[in-house]
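Trainee: Here it is, the structure in full.
Each reported figure results from applying straightforward, stated rules to the coordinates on display, with no laboratory input. None of these values were measured; they are calculated from a predicted model. Reconstructed Cβ throughout: ideal geometry from the backbone, glycine too, with neighbour counts over all protein chains shown.
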Amino acid sequence: MTSWLWWLDDNKIIIGVIFIIILFYTWFYSGFFDSKALVIVEPRKHEHLQYVCENFDKNMCKSWDLYVFHGKSASAFAQAATAGIKGRRVYLIPLNTDSLDGDGYNALFKSLEFWEQVKAENILVFQTDAVLCSASEFKVKDFMKYDYIGCGSYAGAIGNKKDIWGKEYSKGNSFYGIGGLSFRKNSFQKQCIRKYPGIAADYPEDVFFSNCVEESSNKPESAEVLANFCTQDSFLKRSFGAHNTWYMKKEDREPFYAFCPAARILETKK
């Protein structure tokens, strides 16, 4: 007994450190899978940045942190754009550039280093051409069971039953929504990136994650679910949000804007 007590006394520092590590991991992982973040990447000093950030702030619970990835010389602009947001944690993170074309955006979204900066499992991505519709009966919780879901489009497309992406990316690819307004599980994204490390940097990120979620049991079941989540070119459902509504059929625009007036600002392509 004496020798056992001696061992405990001699190793109490090590035991204490191990205990602290166990407590930390228990605390971290118990909250991580409930953690939530709104994410926008906008390196430009875009005139709609404040508008869309405030729209998402108005329509989303304050437990969702806001991450704004801004241009390297746009810190003051991003700070001003989010100054009116209160009661929500806001992270302003500079990119290493002031401009980002489509290829650069796609490369960034397929980067582990980028997603490691977002300390959340549940992620709602939006752009300066996306809004949430406050009159919708749908809420983000209705879509959080999916690993990935984006904006519905292409006349009821879902999965890989029809070729719907741009010509060079159509054949054999799946469709589970356009990424401009999209919900993703961070762990799912990272798993996909690790599983397919050789994917071209300019390969569209929403095509990439659509193909990946095709293999998941947590994928949207139907085109109707995509339409419930987001409207783009056709007013089919009183959706949770909207993206790129300048693509919308003319006959659908006014009825949709009557339902979702916040989207009218998206009518002119920026």
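Trainee: Normalised by the empirical 2.2 N^0.38 Å for globular proteins, what value does the Cα Rg of the range 33-267 take?
Mentor: 0.95
Trainee: Given a Förster radius of 25 Å and the C-beta distance between Asp98 and Glu47 as r, what FRET efficiency does 1/(1 + (r/R0)^6) yield to the nearest 0.05?
Mentor: After rounding to 0.05, the efficiency reads 0.95.
Trainee: Hey, which of these cross-link pairs are over 19 Å Cα-Cα: Lys86/Lys145; Lys185/Lys219; Lys58/Lys249?
Mentor: Those over the limit are Lys86/Lys145; Lys58/Lys249.
Trainee: Using the Cα atoms as the points, what is the convex hull volume per residue of the range 68-154 in Å³?
Mentor: 154
Trainee: Can you give me the Kirkwood hydrodynamic radius for the range 173-212, using every pair of distinct Cα atoms, in Å to one decimal?
Mentor: Hydrodynamic radius (Kirkwood, Cα only) of the range 173-212 equals 10.5 Å.
Trainee: With no solvent and one equal point scatterer placed on each C-alpha of the range 189-270, evaluate the Debye formula and give log10 I(q)/I(0) for q = 0.12, 0.15, 0.18, 0.22 Å⁻¹, two decimals.
Mentor: -0.48, -0.68, -0.83, -0.97
Trainee: Based on the mean of other beta carbon atoms within 10 Å per residue, what is the order of 152-158, 244-250, most packed first?
Mentor: In descending order of packing, they fall as 152-158, 244-250.
Trainee: Further question: Given R₀ = 30 Å, what would the calculated FRET efficiency be for Ser111 paired with Asn218, taking r from the Cβ atoms and rounding to 0.05?
Mentor: That gives a FRET efficiency of 0.85.
Trainee: May I pose another question? Obtain the nm distance between the two label points defined at Asp252 and Ala200 by a simple spin-label model: each point lies 7 Å from its Cα along the Cα-to-C-beta direction.
Mentor: The modelled label-to-label distance comes out at 2.9 nm.
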